[in-house]
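First the structure, in the form of C-alpha cells, and then the observations on it.
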Amino acid sequence: MAIRSAPSLNLLTAAIVLPLLLLVILAVAGIRAQTKAARETLAEEADREAKVAANFLKAEYETKLVSFPRFPDPPAPGESSADDAVLDGQDVPALISLRDKKDAGNSPAGLPRRALAALRLLDLAPEAQQASEVADLVTMECPSVLTEIALGKLGSESRLSKEWRNLGNARRLLEKHPAGGWIEEDGQGWWVKSTDDKFEFISPERNREALGKLESLINPLFSIHVSTRTIPPRSAEAPLLFGTAPLEWGQGLRVEALLKSREAFLGGIRRQELWTFSLLAIAVGISAAGLFFIRRTLLRERKLNEMKSQFVASVSHELRAPVASIRLMADALEEDKLAPETAKEFHRLIAREGARLSTLVGNVLDHARIEQGRRIWKKEPCDLAALVADTVRVMEPLAKEKGITLSSTLLPVEATVDSGAIQQALVNLLDNAIKFSPAGSGIGISLSIHDESRNWELRVRDEGVGIPKNEQVRIFERFYRPGDELRRETQGTGIGLSLVKAIAEAHGGAVLVESEPGKGSTFILRIPISS
Ligand code: ADP
C-alpha cells in the first residue's frame with residue numbers, strides 16, 4: 001500500500017506554522033502602530049503644552065523686565081537753579097515737592113536734584129517717605145554714583161535695589177555680547193538688552209520664578225525647558241522631547257516640552273507588549289504541542305499502516321507456502337507411486353503443515369475478532385496442568401524436527417479460563433520459542449501458583465537468540481516484528497504475541513518477558529486463578 005502521508009504532514013505543519021507566523025507579524029506591526037499612535041498623541045499634547053507655556057512666559061517676562069536708564073558716568077553737571085537753594089535749606093514741603101518733580105534735573109555737581117532731595121529728607125523728615133521708595137528713586141535717578149552710597153545708608157531692600165545688584169552682571173554680559181538677547185552663562189539664563197538710554201534685563205532668578213509659576217499650569221507629565229536651540233534635536237538625541245513652540249521674547253527662543261519620565265509613556269505600551277507576547281507565546285506553545293501530537297498520531301498511523309501491509313504480505317506468504325507443499329504432497333500421494341516410508345513421511349508433513357495453517361488462521365481470525373470486539377471468552381474451570389501437557393505434546397513433533405527438547409514441570413492448578421484461548425497463547429509462545437532457538441537447545445515449560453495463590457503462572461523458557469531491551473515492550477504491539485523485512489530470517493506475522501497479550505488481559509492478567517540477547521528468553525503468562 002502506498003503511504004502518502006509525508007506531504008500531508010508537511011502541509012499540516014505549514015497550515016499551523018504559517019498562520020502563527022502571520023499572527024506574530026501582525027502582533028509586532030500592531031504594537032508598532034500602537035506605539036506610533038501613542039507617540040503622536042503625546043507629541044500633540046506636548047505641542048499644546050509648549051504653546052501654553054510660551055504664551056504664559058511671554059506675559060510673565062513683560063512684567064518681570066527690569067530697565068535702568070543709562071547715564072554718563074560720572075553724570076554731566078547741570079545748570080544752577082533756585083532748586084539748589086531748597087537742597088541747602090530745611091524746608092521739608094519744598095524738599096518733598098523737589099523730590100517729586102520729574103524734571104528737577106542735575107545739580108551743578110552733576111547729581112540728580114530729586115535724589116539729593118530724597119536723601120536730605122531722609123535726615124530731616126524720615127517719616128515723610130518710605131526707605132524703599134528713596135532707594136528706588138536714587139537707583140533710578142542716578143544709578144552710577146549715588147546708588148551704592150544711598151543703598152548702603154538706607155540699608156533697605158526694594159525691588160529695584162535688588163535688581164541694581166544684577167545690573168553689574170547684565171552690563172558685563174552686554175560687554176561680551178553687545179547684541180544682547182537670551183544669554184546662557186553658568187547654566188543660568190539671562191535676557192539682556194541695551195539701547196542708547198536704558199539697560200533692560202530679566203535676571204535668572206526672575207526667569208526661574210516665571211518658570212516655577214508655569215509648573216502648576218502644565219500637565220505634570222511634562223517639564224518645560226526654555227531653549228536657545230534653533231533646530232529641534234532629533235528624537236534619538238533627545239528621546240524625551242515631545243513638543244516645541246516659539247517663545248516670542250527675544251530671538252530664536254523656544255519652549256520645549258519634555259516628558260518627565262519615559263516610563264510614564266512606555267509603561268502602558270510595555271504592559272500591552274507583555275500581554276500580547278504572552279498570549280502569542282501561549283498560542284505558539286499550544287499550537288506546537290498540538291502539532292507535535294498530531295504529527296505523532298499521524299506518524300503512528302503511518303507506521304501502523306506499514307505494519308499492516310507487512311502483515312498482509314507475511315500472512316499471504318505464510319499461507320501460500322504450506323498450502324503449496326500440502327498440494328504437492330497430496331498429489332504425490334494420489335498417484336500412489338510412493339514408497340511406504342515416504343508416504344508415511346508425507347502424511348506426517350501434511351498433518352504438520354495443516355496444524356501450522358490452522359494455528360495461523362486461528363490467530364488471524366482471533367486477531368480480527370478481538371480488534372472488532374467480537375471475541376467471546378468462554379471461561380470455565382479447567383485443569384491447567386492437563387491443558388498445558390496436551391499442548392506441549394501437540395508441539396513436540398515441531399520441536400523434535402528442529403532437534404529441540406521440550407521439558408515440562410507442571411504443578412496441579414485449577415483455574416477458570418477460556419481453555420481454547422490459553423492453549424492458543426501457549427502454542428504461540430512455544431512456536432516462537434522453537435522458531436528462535438538453535439538446534440540442540442532446550443525449552444522449559446513450567447506451571448505454578450504465584451503470589452500467595454492469587455495467580456497462576458506459566459513460563460516458557462528458551463535458550464534462543466534473546467530479545468534486546470529496547471524491543472521487549474514493542475514485541476507485544478500488533479504487527480510488530482523487529483528488524484527490517486530483508487533482515488528477517490524467520491517466518492511470522494507479528495500478531496502472535498499481541499494475541500497472547502490480549503488473551504492474558506482478557507483474563508485480568510499479563511504477559512511478561514525476561515530476556516538477554518544471545519542467552520535466551522522467558523515469557524511469563526501470569527493470570528488470576530479466578531479470572
Ligand atoms: P512473529 O513471531 O510472527 O514475528 P510475534 O508477535 O509472535 O510475531 O513476535 C514478535 C517478535 O518478537 C518476533 O518477530 C521476534 O522478533 C520476537 N520474539 C518473540 N518470541 C521470541 C523468542 N522466544 N525469542 C526471541 N525473539 C522472540
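Bear in mind that the values in this text are calculations on the coordinates, not laboratory data. Quantities reported herein were computed from a predicted structural model and do not represent experimental measurements. In this analysis, Cβ positions are derived from the backbone assuming ideal geometry, glycine residues included, and neighbour counts consider all displayed protein chains.
Descriptive notes on the structure:
- Of the trypsin sites (Lys or Arg not before Pro) in the stretch 76-110, the ones in a loop by DSSP (not H, G, I, E or B) with at most 12 other beta carbons within 10 Å are LYS102.
- Rounded to the nearest 20, the Cβ-based charge dipole of the chain about its Cα centre (Lys and Arg +1, Asp and Glu -1) stands at 2220 debye.
- Distance-filtered residues of the stretch 419-453 - backbone nitrogen under 12 Å, label point 7 angstrom along SER530 Cα→Cβ: none
- Between PHE293 and ALA386, the C-beta separation translates, for a Förster distance of 41 Å, into a calculated FRET efficiency of about 0.25.
- Stretch in the chain that is longest and holds no GluC sites (Glu not before Pro) that DSSP places in a loop and that have at most 16 other beta carbons within 10 Å: 249-451
- Subset of LYS303/LYS501; LYS58/LYS102; LYS58/LYS198 violating a 29 Å alpha-carbon distance limit: LYS58/LYS102
- Cβ crowding within 10 Å, taken as a proxy for footprinting-reagent exposure, orders HIS347, HIS225 from fewest neighbours to most as HIS347, HIS225.
- Note on THR228 and LEU279: their simple-model spin labels are 5.2 nm apart, each label 7 Å out from Cα toward Cβ.
- The Cα center of the stretch 267-312 and the Cα center of the stretch 377-393 differ in position by 50 Å.
- Helix 204-215 axis, angle to the chain major axis (alpha carbon atoms, nearest 10°): 50 degrees
- Using just its DSSP H runs of length 4 or more, each adding -39500 (n - 2.57), the chain gives a mean residue ellipticity at 222 nm of -19000 deg cm²/dmol after division by all residues.
- Looking at the stretch 333-379, the trypsin sites (Lys or Arg not before Pro) that sit in a DSSP loop and have at most 10 other Cβ atoms within 10 Å of their own Cβ are LYS337, ARG374, LYS378.
- Calculated FRET efficiency for the pair VAL473/VAL24, C-beta based, R₀ 30 Å, to 0.05: 0.15
- The length gained on full extension between HIS317 and ARG208, counted as 0.36 nm times the residue separation minus their Cα-Cα distance, comes to 28.9 nm.
- Potential lengthening of the chain between LEU304 and ALA85 amounts to 65.7 nm, from the contour at 0.36 nm per residue minus the alpha-carbon distance.
- For the chain, the longest principal axis of the Cα atoms and the long axis of helix 113-124 meet at an angle of about 90 degrees.
- Helix 496-506 and the longest principal axis of the C-alpha atoms of the chain enclose an angle of approximately 80°.
- Of the residues MET140, MET329, the one with the fewest other Cβ atoms within 10 Å heads the list, and the complete ranking is MET140, MET329.
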